[in-house]
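Asks: Can you keep this structure in mind? I'll have questions shortly.
The values are calculated or read from the model by the stated rules, or taken from the named source; none is laboratory data. Only a predicted model underlies this, so the values are computations on that prediction, with no experimental measurement involved. Virtual Cβ from ideal backbone geometry, glycine too; neighbours counted across all protein chains shown. What goes into the accessible areas is simple: the full protein's heavy atoms, side chains included, and nothing from ligands, DNA or RNA. Shrake-Rupley method; radii C 1.70, N 1.55, O 1.52, S 1.80 Å.
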Amino acid sequence: MNALKQYIDLYDESQALIEQQSPALLNKLRGVARERLQDAKLPRKGSEDYEATDLETVFAHDYGVNVNRLPFEADPAETFHCDVPNMSTCLYYTSNDAFHSSATAERNIGQVVVEPFSMAAVDYPELMDAYYGKLASLNDPTVALNTLLVQDGLFIYVPDGVVAERPIQLVNIFNAALDMMVQRRLLIVVGKNASIKLLACDHTQSPDYHYLNNQVVEIVAMQGSTIDYYDMEESTPLTSRVSSIYVDQHEGSNVLIDGITLVNGFTRNNFHVEVNGEHTETQLLGMTIASGEQHVDNHTFISHNAPRCHSNEMFKYVLDDNAVGAFAGKILVKPDCPRVEAYQGNRNLCGAPTAKMYTKPQLEIYTDDVMCSHGSAVGQLDEEALFYMRTRGISSSEARRLLMQAFVADIIDGVRMDALKDRLHYLVEKRFAGTLSNCAGCMAACKKK
Amino acid sequence: MLVINDLRASIEDKEILKGVNLTVKPGEVHAIMGPNGSGKSTLSAVLTGNPAYTVTGGSVSFYGKDLLALSPEDRAHEGIFLSFQYPVEIPGVSMVNFMRTAMNEKRKYMGEEPLSAADFLKLMREKRSIVQLDNKLASRAVNEGFSGGEKKRNEIFQMAMLEPRLSILDETDSGLDIDALRIVASGVNTLKSKDNATIVITHYQRLLDYIKPDFVHVLYKGRIVMSAGPELALELEEKGYDWIKEQVDSQQ
């Protein structure tokens with residue numbers, strides 16, 4: 001069996017239709033992607049880099065693909081309004097596979113460009129041509145599949161020297177009344193000494209359908225730029241997500257990537273950071289809270305290709321019930337890259353004997369004069385602390401909740417936006433209290449228009 | 001208030017308490033002394049419901065309730081408090097959050113409304129002053145990075161907040177310098193009333209100079225082998241435990 005086959009067949013049958021409804025730029029790469037997929041297979045559980053995760057099963061489901069670009073409901077902002085209190089953002093939506101702007105999008109006008117590929121291909125053809133598909137590797141069959149079928153995406157561009165006043169918030173929503181796979185795609189180019197903060201959150205509004213988000217994000221951080229990219233998933237048990245984020249860091253750039261999974265079904269996140277300039281700063285953070293049958297696999301790779309760079313990586317998992325967590329982190333320091341400082345950590349808490357964690361820290365260093373470390377630990381809640389709290393009258397369940405929350409507190413505190421930090425503390429508190437078991441729990445805190 | 005009858009308990013199949021009998025009435029201060037390994041800390045752990053210990057026999061009633069049938073948190077709600085010999089550090093949980101949760105869980109148990117944030121902070125301020133606990137400590141994580149003396153003061157602060165009916169002070173004097181000892185003891189004395197009782201577990205007479213006991217008991221080999229008035233503590237200070245050990249061992 002090969003789950004890819006149904007999608008390749010679909011492409012072969014509908015190539016003309018797909019291309020006709022897409023900007024020409026996207027069509028250019030489809031041929032190569034098609035070639036790569038010819039003999040490709042999706043990784044099965046147990047294969048290299050997929051010790052705990054089976055992609056074949058995820059893609060084997062019979063998902064609908066919206067080749068015809070049929071419009072779904074009008075404006076997602078009408079039904080879904082996600083607010084972060086005290087944070088004034090420019091808000092954009094992806095409803096299933098289609099991009100929507102919103103009224104607040106006007107705020108950064110003249111500073112930051114946020115356009116669907118269909119517009120950007122006309123407005124910024126050189127930039128699109130120079131950066132689209134350049135970082136993402138077609139050797140990964142999921143990236144190749146995205147490239148094969150993608151028909152639109154979102155282009156975010158911050159010109160040289162521009163410091164975006166307001167964060168960009170991108171709310172991705174699944175609400176189609178059918179099982180569906182989408183190829184979401186982001187291209188983010190941040191110019192020299194420019195700066196931007198982005199918050200992407202994945203939500204699922206219809207808990208009864210199977211969805212698969214097979215997304216690719218490419219981020220280019222030019223000299224001296226600063227980028228915060230917060231990627232938060234809060235979906236449903238029937239939602240699957242395979243995400244590949246590629247980052248290209250130039251000299252003096254400062255990039256923070258934060259991958260947060262609060263509620264999901266199946267998730268595989270790939271983070272791939274290429275550090276190509278000196279004096280860069282890289283923060284790669286992650287937090288996973290999983291219970292029930294949730295499956296979360298974060299796979300990270302930071303390649304130090306230049307001297308005198310600093311990277312810090314920390315992923316924390318809190319797993320309960322039958323949840324499965326996986327983490328793999330590889331840090332590579334290439335030859336002739338002295339004075340690199342690279343730290344990696346993965347700490348995990350298993351709240352139940354049935355929860356499973358797989359972790360694989362890796363360092364590969366080919367230069368002498370560097371400072372690197374990695375550490376990984378899987379443990380249970382501190383029994384002594386639990387008892388201490390109970391003698392003060394705090395119930396066992398409340399004590400567990402407080403300790404779990406405390407465990408991930410440093411990841412939340414790594415967020416470089418105060419309003420978002422407060423919001424995350426609140427969401428995580430609700431998550432552990434069990435009132436955020438699905439998106440409906442979140443929406444209680446959101447305003448419904 | 002508290003009646004302990006022939007209490008037996010073990011840890012990992014090793015019997016530590018071998019039939020403890022003790023009755024405590026409101027307003028009383030009991031000191032429990034004894035050589036190392038006699039079961040003093042085990043007694044406090046069993047009374048507060050530490051899951052590491054197994055009760056193998058006997059009974060404990062607290063205001064007529066079967067204490068051993070209650071969870072640790074419900075024992076706390078009923079008014080039992082343990083000041084730990086080694087208070088536990090809980091990184092990431094702030095003192096404020098910890099204390100507010102504890103207070104409100106107790107109020108819920110009592111059928112009362114939760115405290116408002118303003119009332120709670122006012123109460124914190126008030127009780128903090130009893131043991132001269134710095135505001136900075138109150139805003140940090142529970143016991144994290146506290147010195148030995150600060151940890152013990154923090155225990156008494158929590159006791160002041162929770163207003164227990166029975167406080168068990170387990171080696172509260174260990175690791176304290178003389179000034180900290182005075183502060184802690186004066187905190188305990190301030191909180192003392194005719195309605196609550198205190199069990200002081202200690203090795204030394206020193207603490208009993210500050211917290212005056214009504215009764216002194218000697219725990220040895222898992223049993224209370226001698227009970228008398230405060231003068232017994234002075235005698236022990238002078239003569240040590242050997243004479244009691246000999247007396248008990250020769251009887252066996």
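Asks: One residue is enough: does the range B:46-54 have a residue meeting the conditions within 14 Å of chain A (Cβ to nearest Cβ), surrounded by 18 or more Cβ atoms within 10 Å (Cβ to Cβ), outside any loop (DSSP other than H, G, I, E, B) and of a type outside the set (S, T, N, Q)?
Replies: There is at least one residue in the range B:46-54 that is within 14 Å of chain A (Cβ to nearest Cβ), surrounded by 18 or more Cβ atoms within 10 Å (Cβ to Cβ), outside any loop (DSSP other than H, G, I, E, B) and of a type outside the set (S, T, N, Q).
Asks: Can you list residue pairs whose Cβ atoms sit under 6 Å apart, with the first residue in the range A:379-408 being more than 7 Å from chain B (Cβ to nearest Cβ) and the second being crowded, with 23+ Cβ neighbours inside 10 Å and outside any helix (DSSP H, G or I)? Count only pairs 6 or more apart in sequence or on different chains.
Replies: Cβ pairs passing all conditions: A:Met404/A:Val318; A:Val408/A:Met287.
Asks: Could you please let me know if B:Leu137 is more than 21 Å from the chain's Cα centre (by Cα) and either more than 9 Å from chain A (Cβ to nearest Cβ) or surrounded by 15 or more Cβ atoms within 10 Å (Cβ to Cβ) (or both)?
Replies: Yes: the conditions hold for B:Leu137.
Asks: Given (1) without any contact (Cβ under 8 Å) to a residue 60 or more places away in the chain; (2) surrounded by 15 or more Cβ atoms within 10 Å (Cβ to Cβ); (3) away from chain A (no Cβ under 12 Å), identify the lone condition not met by B:Asn143.
Replies: (3)
Asks: So for the range A:239-249 (the condition being in contact with a His (Cβ under 9 Å, 6 or more places away or on another chain) and not in a strand (DSSP E or B)), does at least one residue qualify?
Replies: no
Asks: Moving on. How do the pairs read when you match residues in the range B:162-177 that are within 14 Å of chain A (Cβ to nearest Cβ) with residues anywhere that are open to solvent by 20 Å² or more (accessible area, probe 1.4 Å), using Cβ under 6 Å and keeping only pairs 6 or more apart or on different chains?
Replies: Note: pairs meeting the criteria are B:Arg165/B:Asn196; B:Asp170/B:Ser41; B:Asp170/B:Gln85.
Asks: Further question: Checking the conditions here, which among A:Val275, A:Val255 is free of Cβ contacts under 8 Å to residues at least 60 places away in the same chain, more than 16 Å from the chain's Cα centre (by Cα) and open to solvent by less than 10 Å² (accessible area, probe 1.4 Å)?
Replies: Details: A:Val255 fails: more than 16 Å from the chain's Cα centre (by Cα).
So the residue among A:Val275, A:Val255 that is free of Cβ contacts under 8 Å to residues at least 60 places away in the same chain, more than 16 Å from the chain's Cα centre (by Cα) and open to solvent by less than 10 Å² (accessible area, probe 1.4 Å) is A:Val275.
Asks: Which pairs have Cβ atoms under 7 Å, sit 6 or more apart or on different chains, and link a residue in the range B:74-99 that is under 30 Å from B:Tyr63 (Cα atoms) to one that is aromatic (Phe, Trp, Tyr)?
Replies: Pairs found: B:His77/B:Tyr109; B:Glu78/B:Phe62; B:Ile80/B:Phe62; B:Phe84/A:Tyr388; B:Val88/A:Tyr388.
Asks: Could you identify the single residue in A:Asn214, A:Asn270 that is open to solvent by 10 Å² or more (accessible area, probe 1.4 Å), touching a helix residue (DSSP H, G or I) at 6+ places or on another chain (Cβ under 9 Å) and assigned to a strand (DSSP E or B)?
Replies: On inspection, the qualifying residue turns out to be A:Asn270.
Asks: Could you tell me whether the range A:193-211 includes any residue that is modelled with pLDDT of 95 or more, outside any strand (DSSP E or B) and touching a helix residue (DSSP H, G or I) at 6+ places or on another chain (Cβ under 7 Å)?
Replies: No, the range A:193-211 has no match at all.
Asks: Sticking with this structure for a sec: In the range A:376-397, which residues are surrounded by fewer than 17 Cβ atoms within 10 Å (Cβ to Cβ) and assigned to a helix (DSSP H, G or I)?
Replies: Within the range A:376-397, A:Glu383, A:Glu384, A:Ser396, A:Ser397 meet the criteria.
Asks: Is at least one residue of the range B:88-109 open to solvent by 20 Å² or more (accessible area, probe 1.4 Å), part of a loop (DSSP other than H, G, I, E, B) and facing another protein chain (nearest Cβ under 9 Å)?
Replies: Within the range B:88-109 (the criterion being open to solvent by 20 Å² or more (accessible area, probe 1.4 Å), part of a loop (DSSP other than H, G, I, E, B) and facing another protein chain (nearest Cβ under 9 Å)), the answer is yes, since at least one residue qualifies.
Asks: Residues being open to solvent by less than 40 Å² (accessible area, probe 1.4 Å) and outside any helix (DSSP H, G or I): count how many of those fall in the range A:1-25.
Replies: 3
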